[in-house]
Amino acid sequence: MKKKTSTIILALLIVLGVLGQPAFAAPEEDEAPIVGLSGFLSETELTFEEYMALMASIARTGEHPHFLEENKQRYDAYRSENPDVPVDKVIAYVNADIDKGFYIDIQEVPNLNDVSLLVNKNFSLPPDWSPDDFVNTGGGHMMREEAAENFNLMRDAMVGDGLKVYVIITYRSYSAQRNTHGNALNQHGSALADRNWARAGHSEHQTGLAADILHKAFDKSMHNARYQNTKEFEWLTENAYNYGFILRYPDQYKDLHGYVFEPWHWRYVGIDVATAMHNEEIALFEEFYGRYLAQGVLDKTREFILQQRAPAEPEEEEEIEEDVPEEQIIEETPPDEIVDQPAVTPPPVIPDPPEPVREDPVMRGFGVTFFIPLVCIALGGIVVFRKRHN
Ligand SMILES: [Zn+2]
């Protein structure tokens with residue numbers, strides 16, 4: 001059933017892609033908003049790898065799959081202030097609101113249950129929110145279930161390699177964070193407090209997805225930054241992504257995440273996302289978020305994909321098969337050759353070269369006429385790949 005549907009969708013996509021004329025279906029306005037990566041993947045029925053492959057295939061053509069028309073002025077402004085930052089990063093940073101400055105235009109995290117959610121000085125958690133799937137990772141340190149399972153596997157692997165793992169803190173509630181930041185504020189003033197502690201509602205520790213770990217039990221004389229010189233830190237740098245954890249506050253991006261370098265702070269983002277960051281050599285989570293996880297990017301990509309699929313959905317199989325011009329193909333080809341072949345073996349479709357992009361060559365969006373055939377081809381490729389590997 002699924003295979004057949006895929007074949008039908010593929011056929012339609014190829015036809016639409018070649019024509020370059022999308023049949024836009026009216027969006028269904030009554031649906032609840034679909035937020036976050038998990039919502040996007042379940043709605044589009046793509047795997048994370050397929051989503052990444054689709055974005056990569058668009059990027060390879062020179063288009064910017066992460067470009068959002070509504071952010072264009074902000075891209076230009078950020079670029080003029082930061083001329084040395086490559087365009088791809090400008091787009092990602094702005095999509096992640098890095099250009100707004102810290103604690104100025106704060107948005108509430110839209111996808112609280114996604115393990116790939118972004119919490120920082122621009123995205124906040126509600127005061128009364130806490131995860132509902134806590135698991136004790138040992139010693140009373142609570143993490144969300146998926147994060148805890150992978151954390152325990154990672155800790156076991158480290159211990160198996162002769163390393164030491166002391167958990168300093170995992171979950172911290174909104175009110176505990178408020179006290180922690182408040183105390184720091186009184187002792188050190190706001191600049192230092194904000195560089196070292198998140199304000200209430202802005203801490204990853206409230207998500208139940210972060211763990212502060214050291215190689216020995218914490219004592220107050222300890223300078224945590226020395227953790228970067230340990231074998232434990234080296235191991236984490238090389239292996240943590242396999243367990244879905246990333247270094248959240250890397251040294252080279254202090255200006256962008258707004259904290260001191262925190263070699264002890266590891267955040268669970270899911271194995272898919274952590275592995276993709278590792279493979280693409282993206283060290284800053286905000287950058288990855290701006291490229292692949294920002295709601296605007298997900299919405300835009302989802303809209304294109306669903307618009308392409310829309311015509312296939314209302315019709316059922318028999319009718320749709322009539323739409324596939326099999327008879328025409330048979331008439332044009334010697335019958336012997338065709339009969340033994342599988343019903344639909346799509347030829348590799350190469351798109352016509354895109355028309356020269358109007359106006360700004362750097363900050364162009366993905367134009368409808370160029371983007372849609374690409375989406376079609378990429379999706380077609382994915383379906384073929386799936387079929388071959390089923
Ligand atoms: Zn921490």
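The values are calculated or read from the model by the stated rules, or taken from the named source; none is laboratory data. Computed from a predicted structure; not experimentally measured. Please note: Cβ atoms are built from the backbone with ideal geometry, for glycine as well, and neighbour counts cover all protein chains shown.
At a glance:
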| item | result |
| --- | --- |
| Count of the stretch 251-283 residues which are within 16 Å of the ligand (Cβ to nearest atom) and not aromatic (Phe, Trp, Tyr) | 10 |
| Filtered residues of the stretch 215-235 (kept if outside any loop (DSSP other than H, G, I, E, B) and away from the ligand (no atom under 11 Å from the Cβ)) | Ala225, Arg226, Tyr227, Gln228, Asn229, Lys231, Glu232, Phe233, Glu234, Trp235 |
| Within the stretch 156-179, tally of residues that are surrounded by 15 or more Cβ atoms within 10 Å (Cβ to Cβ), without any contact (Cβ under 8 Å) to a residue 24 or more places away in the chain and either assigned to a loop (DSSP other than H, G, I, E, B) or not aliphatic (A, V, I, L, M) (or both) | 1 |
| Number of the condition not met by Val165 [criteria: (1) modelled with pLDDT of 95 or more; (2) over 25 Å from Phe288 (Cα atoms); (3) more than 16 Å from the ligand (Cβ to nearest atom); (4) touching a helix residue (DSSP H, G or I) at 6+ places or on another chain (Cβ under 8 Å)] | (3) |
| Within the stretch 180-214, considering residues that are acidic (Asp, Glu) and part of a helix (DSSP H, G or I), the one nearest to the ligand (Cβ to nearest atom) | Glu204 |
| Boolean, Asp128 is assigned by TED's automatic domain parsing to the domain that holds His202, touching a residue at least 24 places away in the same chain (Cβ under 8 Å) and of a type in the set (D, E, K, R) | yes |
| Where a residue in the stretch 192-215 is on the phi > 0 side of the Ramachandran plot and its partner, wherever it lies, is small (Gly, Ala, Ser) and away from the ligand (no atom under 11 Å from the Cβ), with Cβ under 7 Å and at least six apart | Gly201/Ser124; Gly208/Ala147 |
